[in-house]
Amino acid sequence: MNAENVLQRPTLVLNRRWMPIRTAPVQDAIGLVAKGTAMIIEPESFETHDLLSWNDFSRARERFGLVMIRSPRLALVPPEVILLKTYEGPGGRAVVFSRKNLFKRDRYTCQYCGLQPGPEELTVDHVVPRSRGGVSSWENCVLACVDCNKRKADLSPAQAGLRLRKSPKKPSWKALVQVPSRDRRESWDKFLSRAYWEVELEP
Ligand SMILES: [Zn+2]
């Protein structure tokens, strides 16, 4: 791998509550650390480093033949995870209840039969029908394919002989952090799964 590729590798960016918020190229991640707005996290130990202590950490590992980013003063192992020191959001904010986000949450999948017929063939279904007082909310709306939606009509799922594949919940913004699997690094798993568990544990 040449130096240019290393600088373009993705780094996982956490907000100051250690929640993954996005990825950034290694080059930008180092820039943030150099400015003092972020720290590098050593994924094994969870230790945090500034550029100089990361330089020491990296040099201690030089003999293992790791890919290094070199400048006249520094030799750095490309950071895989960084922590923003002051940035709080968007972790505190709820996900807006919107069509777009509902499609994302349900992954373009009919929540009754599991088909993925494409966005045009999916409708927003009220689990408890509006005619029976059901509201439009994360907990009462799911994606349904045209067939399931027709079959369900103004019935409850049980009455229509349909079963939800999982009970609909309000997603946390964290669940919407999308990291394409080709960009994922093994060291990110614990940070991403940590976010996953916190989603599950929300009241
Ligand atoms: Zn269906």
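The values are calculated or read from the model by the stated rules, or taken from the named source; none is laboratory data. Everything quoted here is computed from the prediction, not taken from an experiment. Counting neighbours? That spans all protein chains shown, and the Cβs are built from the backbone with ideal geometry, glycine included. Accessible surface is based on the protein model in full, side chains and every heavy atom, while ligands, DNA and RNA are left aside. Shrake-Rupley method; radii C 1.70, N 1.55, O 1.52, S 1.80 Å.
Starting from the Cα-Cα distance between residue 99 and residue 116, subtract it from 0.36 nm times their residue separation and give me the gain in nm to one decimal.
The residue 99-residue 116 span can extend by a further 4.5 nm.
If R₀ is 41 angstrom, what is the calculated FRET efficiency for the pair residue 185 and residue 146, using the beta carbon separation as r and rounding to 0.05?
0.55
Among the listed pairs 166/190; 35/170; 85/170, which are separated by more than 26 Å between their Cα atoms?
Working: 166/190 24 Å; 35/170 36 Å; 85/170 28 Å.
From the list (166/190; 35/170; 85/170), the Cα-Cα distance tops 26 Å for 35/170; 85/170.
Between residue 153 and residue 46, what is the label-to-label distance in nm when each label sits 7 Å out along the Cα-to-Cβ direction?
5.5
How would you classify segment 1-87 from its alpha-carbon gyration tensor, with a ≥ b ≥ c the square roots of the eigenvalues: rounded for a/c under 1.5, else prolate if a/b is greater than b/c, otherwise oblate?
Prolate, since a/c reaches 1.5 and a/b exceeds b/c.
Using a 1.4 Å probe and ignoring any ligands, DNA or RNA, find the accessible area of residue 167 and quote it in Å² to the nearest 10.
Surface open to solvent at residue 167 totals about 80 Å².
Kirkwood Rh and Cα-based Rg: tell me the resulting Rg over Rh for segment 52-158, rounded to two decimals.
1.37
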